[in-house]
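**Student:** I'd like to ask you about the structure that follows.
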Amino acid sequence: MRALNTRNLAIATVLTLGAGYALAFFYAPEDADQGLSQRIFYFHVPLALTAYACFGWGAWKALKYLRTRDERADLESYVAIHQGVIFGALTLLTGSIWARISWGVWWSWGEDELVLFLVLFLFYCAYFMLRYSVDPGPARANMSAVYALFGVVLIPVSFLAIRLSKQFIHPQVFKLSGPQMAGSQFFTFCVCLAAMLTLFATLYAIELAGKRLDRSLRELKELLTT
């Protein structure tokens, strides 16, 4: 059943990613000010939102572990955070490419939202240093879960920074009045966001299955050697 669900997720990912790429490059109109470089928005922002979703899911699983002491929740939290770091790295990469084209620099330390996202990214990178500095067991799982829960506080701060910043070099696309884009652009964005979330779900399921298989093989090996 799990293999079937993973296959269905993989198929959905391929379809939505293909649709997202097609819409971004052939359907959505070109921005009058930024031109072709604006199309990276359809991947950069969904990547960032998916990274937030990964970290949030990891925190939820961490909370579940602290409540139930279920080792499966600890592993699920770890995998979600691992995926979040991957999507976070892609967010920084695509953002730097856009900044180089639009601003003429790869990075601007004066932009609060950029720095806060980098802090969030580095915070979760440090999660792995903490986790693997402790031997496997309840102590490591407890420390990892508490760390993941602390990190989730940075998510709304990073998300809202673009609206609280007094510097508006970074474009504000979503405002209280609604998305600042044409209907075709918003539709394309929604498809690309769905594609990234589906990609996360697929990678999450695959990595989780691999980790569970690895754990089962280690337990079997230990059983055979005793």
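The values are calculated or read from the model by the stated rules, or taken from the named source; none is laboratory data. Quick caveat, the model's predicted, so the values are computed rather than measured. With ideal geometry, Cβ positions are generated from the backbone for all residues, glycine too; neighbour counts draw on all protein chains shown. Heavy atoms of the whole protein, side chains included, go into the accessibility calculation; ligands, DNA and RNA do not. Shrake-Rupley method; radii C 1.70, N 1.55, O 1.52, S 1.80 Å.
**Student:** Which residue pairs have Cβ atoms closer than 7 Å, lie 6 or more positions apart in sequence or on different chains, and pair a first residue in segment 191-211 that is in contact (Cβ under 8 Å) with a residue 12 or more places away in the chain with a second residue that is of a type in the set (Phe, Trp, Tyr) and open to solvent by less than 40 Å² (accessible area, probe 1.4 Å)?
**Tutor:** 192/42; 192/43; 200/87
**Student:** Kindly state which helices (runs of 4 or more DSSP H) lie completely within segment 129-226 and contain at least 1 residues that are open to solvent by 70 Å² or more (accessible area, probe 1.4 Å) and modelled with pLDDT of 90 or more.
**Tutor:** Ranges flagged: 138-151, 183-225.
**Student:** When you scan segment 20-48, how many residues do you find that are modelled with pLDDT under 75 and either more than 16 Å from residue 187 (Cβ to Cβ) or among the basic types (Lys, Arg) (or both)?
**Tutor:** Qualifying residue count for the region: 6.
**Student:** Separate question: Being open to solvent by 20 Å² or more (accessible area, probe 1.4 Å), modelled with pLDDT under 95 and either basic (Lys, Arg) or not in a helix (DSSP H, G or I) (or both): is that true of residue 98 here?
**Tutor:** In short, no.
**Student:** State yes or no: is residue 6 in contact with a helix residue (DSSP H, G or I) (Cβ under 7 Å, 6 or more places away or on another chain) and modelled with pLDDT of 90 or more?
**Tutor:** Against the criterion (in contact with a helix residue (DSSP H, G or I) (Cβ under 7 Å, 6 or more places away or on another chain) and modelled with pLDDT of 90 or more), residue 6 does not qualify.
**Student:** Also, I was wondering about something else. Condition test on residue 22, is it touching a residue at least 60 places away in the same chain (Cβ under 8 Å) and either among the hydrophobic types (A, V, I, L, M, F, W, C) or surrounded by fewer than 16 Cβ atoms within 10 Å (Cβ to Cβ) (or both)?
**Tutor:** Judged against the criteria, residue 22 is not a match.
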